[in-house]
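The values are calculated or read from the model by the stated rules, or taken from the named source; none is laboratory data. Keep in mind that this is a model prediction, so the values were computed, not measured. Cβ placement follows ideal geometry from the backbone for every residue including glycine, while neighbour counts extend to all protein chains displayed.
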């Protein structure tokens, strides 16, 4: 039940204003990971947060190419046997390699994974590909603030989106340390507690999932490439002020 916030400026390709992204990762703390870094020899220059069990990425970036991708789990109606399904983390790496067609399936082909929302950011804008086990849909994000969680983009039925969407839009995306304003909003959201359905820094165990918020990444993607920063919470599922590096 991860959360991603994206700001798409007006006409980024024409103005050179970067696209901004903040991503909060929810995962089982017992599922080990490698922090942001170069983790895939077969993908030189790519950095990301690597899942040690399956080898894929939750979030990854090609800084020189100016590409960032992050994946969020989504409820689905997939009926294929579990052993026939691939890791969603490899969808992220395929997207960075610009072979996302093989990841999400060609026209009429079902992805061989559980459901997901794949967020892709370049200097030209952002898009979200949604796979729910029945259909694949892709939407280009319009200028402005967007939030993505486990359902559709800006879904008002998702409590944390309806509660906090506008607050992220009230920050200044032009500030040199723009992510600090979004961390300020995250700090405000923590006042509801980690088990409230409005929470972004979350403990999902009361909802039947063994996942807690573990870390945050911030990314800025513009004509000069992608800048990505990383920080981990001191305690899973509990807010503390992060220094993103």
Suppose we filter the range 214-241 for residues that are touching a helix residue (DSSP H, G or I) at 6+ places or on another chain (Cβ under 8 Å), crowded, with 20+ Cβ neighbours inside 10 Å and closer than 14 Å to residue 186 by Cβ; how many remain? 3
Given the structure, is residue 35 surrounded by fewer than 23 Cβ atoms within 10 Å (Cβ to Cβ) and farther than 30 Å from residue 207 by Cβ? no
If residue 66 passes every condition in (1) modelled with pLDDT of 95 or more; (2) closer than 19 Å to residue 140 by Cα; (3) crowded, with 23+ Cβ neighbours inside 10 Å but one, which one does it miss? (3)
The number of residues in the range 174-189 that are surrounded by fewer than 18 Cβ atoms within 10 Å (Cβ to Cβ) and closer than 17 Å to residue 236 by Cα is 1
Please verify whether residue 88 is in contact with a strand residue (DSSP E or B) (Cβ under 6 Å, 6 or more places away or on another chain) and surrounded by fewer than 22 Cβ atoms within 10 Å (Cβ to Cβ), treating the condition exactly as stated. no
Selection status of residue 158, out of contact with any strand residue (DSSP E or B) (no Cβ under 7 Å at 6 or more places or on another chain) and under 19 Å from residue 75 (Cβ atoms): yes
Right, residue 60: farther than 21 Å from residue 135 by Cβ, surrounded by fewer than 21 Cβ atoms within 10 Å (Cβ to Cβ) and in contact with a helix residue (DSSP H, G or I) (Cβ under 6 Å, 6 or more places away or on another chain) or not? no
Would it be correct to say that residue 205 is touching a helix residue (DSSP H, G or I) at 6+ places or on another chain (Cβ under 8 Å) and within 17 Å of residue 3 (Cα to Cα)? no
Given (1) under 25 Å from residue 161 (Cβ atoms); (2) out of contact with any strand residue (DSSP E or B) (no Cβ under 9 Å at 6 or more places or on another chain), where does residue 21 come up short, assuming only one miss? (2)
Can residue 200 be described as outside any helix (DSSP H, G or I) and either over 26 Å from residue 227 (Cα atoms) or under 18 Å from the mean Cα position of the chain (by Cα) (or both)? yes
Condition (residue is at pLDDT 80 or above and under 21 Å from residue 153 (Cβ atoms)) applied to the range 96-109: is it met by at least one residue? yes
